[in-house]
Every structure is written in C-alpha cells, then in structure tokens.
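Please read the structure below before turning to the comments.
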Amino acid sequence: MTTDLASGPGRKDAMGRAMPRRTGGRVPFRLTVPPVSGLVRPRLVAACLALAAAAFLLFAVETSVGDIALPLTDVMKALVGASDPATELIVHELRLPRALAGALVGIAFGVSGALLQTMTRNPLASPDMMGITQGAGTAVVAGIVLGWDGGLSTQALGLLGALTAALLVYVLAWKRGTSGYRIVLVGVGVAWICTSATDYLMARGQRFQAQAALGWLVGNLNGRTWEQLTPLVWALVLLLPPALLLGRLMRTLELGDDVARGLGTRVQTVRVAVLLTAVGLVAFGAATAGPVAFVALAAPQVAQRLAGTAFPPPVGAGLTGAVMVLGSDLAARKLIPDTELPVGIVTGVLGAPVLLWLLVRANRAGSGG
C-alpha cells in the first residue's frame, strides 16, 4: 500500500479531527492497527461490488435454467444443502459445474487480458490478438487429430501450446529488450500462423475428430464436469495472487521503460512474470471451456470505463469477464428455442463491435496507424 497522503491542510470534523481529503478521485486512509495507510478509489470499489452482484445474480439464474426450470429460492436452498435430494442432485451435479465454469473462465480471461493490456499499454493486446489462445488451440487440435497427446490432458496440451506461442512471441519481439508495441505486432503474426496450422489440422482430420476439435475451438460450456473444473480452480488459486501483486509493478511500466528503470523496476523481469501469469490463466481457462472469443479483449476495457481508472483494473476485469461469459451463456441457451449455442458464438457477436470501436478510437487518437 502506498503511504502518500494528501499534502497541505485538510478539513476537520466537528470534533476538530483531521478528515481525509479526496485526491484525484481517491480517498486517503490510515489505520492504527495494523499500521497501514493508502488510497481508496470509491468508484472502483463501487464498480467491483456492482459487478460482483451482477455476476452472482447471473450465476444463480444460470443454475436455475434447464429442462426443468427451478425457482431461484430452490436454487439458493440447494446451494446451502437445505433442499430436497432431487433438487440438490440437479443443482450440484448437472448445473453447478457449468455455471461455475462460466464464472471462473470469465475471471481467468478478464484478468489475463487486463495484465497484457497494462503491460503493453495497448487496449488491443489480449490473448486472442497475440496468438496465445491460438497456440493453445493448435496444441489441443493436434492432440485430437494426430494423437500427439502423449497421454497429456487437454489442460496440459493447452498450457503447453500457449506457453510455446508466448515464448515464440517474446523471442521474436526481442531486440535489446522488448516493448509492448513489438510484442503486439509479433503476436498478431504468431496468431495467424497458429490459426493456419489449426485449419490445416482440421482439414486433415476425420469427421468425428474435426467435430470434436471444432466443438472445443468455438468455446463451449455444455457438459462441464467437476473433473474438468478442478485444474482451473487450482490455477486460479495459484495465479491470481501473483497477478494482483504484479499490478503495482506494472504501474511504473506505463511511465515508459527508462522511467521504470529509474524507479528501480526490473522491466524485462516484470514483463516475463506478467506474460507467464497471463498465459497460465488463459491456458487453463481455454482448456476448460475452449478459447471463448473476445472476453479477454473486451472485459478489461469495460471494467476500466466503469471504474474510471487510467488502466484496466484486474479485479474489475475478472468480474466483468464473469458477467460476460455467464450472460452470454444464458443468452446462448435461450436465444433460439430448443437449441443451445456454444457460448463462444455469443461472445464473438458481442465482442466484434467492441474491437471495431477500439480500432476507431485508436485511429482517432493517432495511434491506429
């Protein structure tokens, strides 16, 4: 926590005690026990609370929807073990894994996108645009079509493919160091290489293999189980704390590499740590539900505007991602009667306008080329 409080004479309350003064939308605070002081952003806190409430509501509605509709009250009772055995079986074994997978995948993609966009200082930087999800997709499809899995699970193949793509991007972008601009440009090229390789594998595979690969590539929450969810839960437990801690170090990167070095930040070390954390989050998220399109791109930008911050907030981006995936999956299940669309189709339809808006905005700002 930062210890810089607002300077100058502050206001006083009725008892003559000094009151904290707002500083650029932030409120300073100081605690005696434990001895901690810092700055709180009320708008950011309010946005995160609102997003958390929306995510929980969508989570409950997602759990209540199915062939047998359940009232929200029955869902809540089943979640705490206070309902009848039949309802608890439907909720816990059939619907809860899918809803929880949607929420956790959204969090993983949202936080990953926020890390990459902050590191590169580019709103277009996301796992979708930088070849990371495409690398995971190529590895998984190769395992399905060619049988090159070597006994590895989908999670392990996705992680291996994403790490390989990220390493390739970093090496090709290296020129006496790396910059966010070069990482994004090289990432776009790697994304197209991986996409072409995936298309070739799909064309080479047999019909049932191509169908299985296509179902994963689109992004799908249908039929999720607790076994598929467990690796993602552990990945979030291990990777979210470093992601939040790296947020402070990345603030200095926004000032430029030279200034960041002057402030004592190990620029390349931080970039590698951020890249590995982002890759781990998106790889395990993609392994659980497939590379759900545009969530990692749009969620950080939406969260940034809701919170009014100068950078995508990781917590807000994760909650926004959960809202996007849960809401899109709910729409996918109800949009066409008697048909459940893959969630990736809906997020793609919603995310494409966001991408166009970001491109137009960057062009008007003079950074679009």
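The values are calculated or read from the model by the stated rules, or taken from the named source; none is laboratory data. Model, not experiment: these values are computed from the prediction. Virtual Cβ from ideal backbone geometry, glycine too; neighbours counted across all protein chains shown. Side chains are part of the model used for accessible areas, which takes the heavy atoms of the whole protein and leaves out ligands, DNA and RNA. Shrake-Rupley method; radii C 1.70, N 1.55, O 1.52, S 1.80 Å.
Scanning segment 221-255 for residues that are within 17 Å of Ala286 (Cα to Cα), surrounded by 18 or more Cβ atoms within 10 Å (Cβ to Cβ) and among the hydrophobic types (A, V, I, L, M, F, W, C) returns Leu221, Leu229, Leu232, Ala235, Leu236, Leu239, Leu240.
Apart from one condition, Thr347 fits all of (1) open to solvent by 10 Å² or more (accessible area, probe 1.4 Å); (2) of a type in the set (S, T, N, Q); (3) touching a residue at least 24 places away in the same chain (Cβ under 8 Å); the exception is (1). Counting only helices (runs of 4 or more DSSP H) wholly contained in segment 40-141, the ones carrying 2 or more residues that are out of contact with any Ser or Thr (no Cβ under 6 Å at 6 or more places or on another chain) and open to solvent by less than 20 Å² (accessible area, probe 1.4 Å) occupy 42-64, 96-120.
Got at least one residue in segment 319-330 being open to solvent by 50 Å² or more (accessible area, probe 1.4 Å), in a helix (DSSP H, G or I) and in contact (Cβ under 8 Å) with a residue 24 or more places away in the chain? No: segment 319-330 contains no residue that is open to solvent by 50 Å² or more (accessible area, probe 1.4 Å), in a helix (DSSP H, G or I) and in contact (Cβ under 8 Å) with a residue 24 or more places away in the chain. Please work out if Leu306 is of a type outside the set (Phe, Trp, Tyr) and more than 23 Å from Ala352 (Cβ to Cβ). So Leu306 fails the test. Screening Thr198 with (1) on the phi < 0 side of the Ramachandran plot; (2) modelled with pLDDT under 85 gives one miss only, at (2). Taking every residue in segment 151-167 that is open to solvent by less than 40 Å² (accessible area, probe 1.4 Å) and of a type in the set (S, T, N, Q) and pairing it with any residue that is assigned to a helix (DSSP H, G or I) and modelled with pLDDT of 80 or more, at least 6 positions away or on another chain, the pairs with Cβ-Cβ distances below 9 Å are Gln155/Gln228; Gln155/Pro231; Gln155/Leu232; Gln155/Ala235; Gln155/Ala283; Gln155/Phe284; Gln155/Ala287; Gln155/Thr288.
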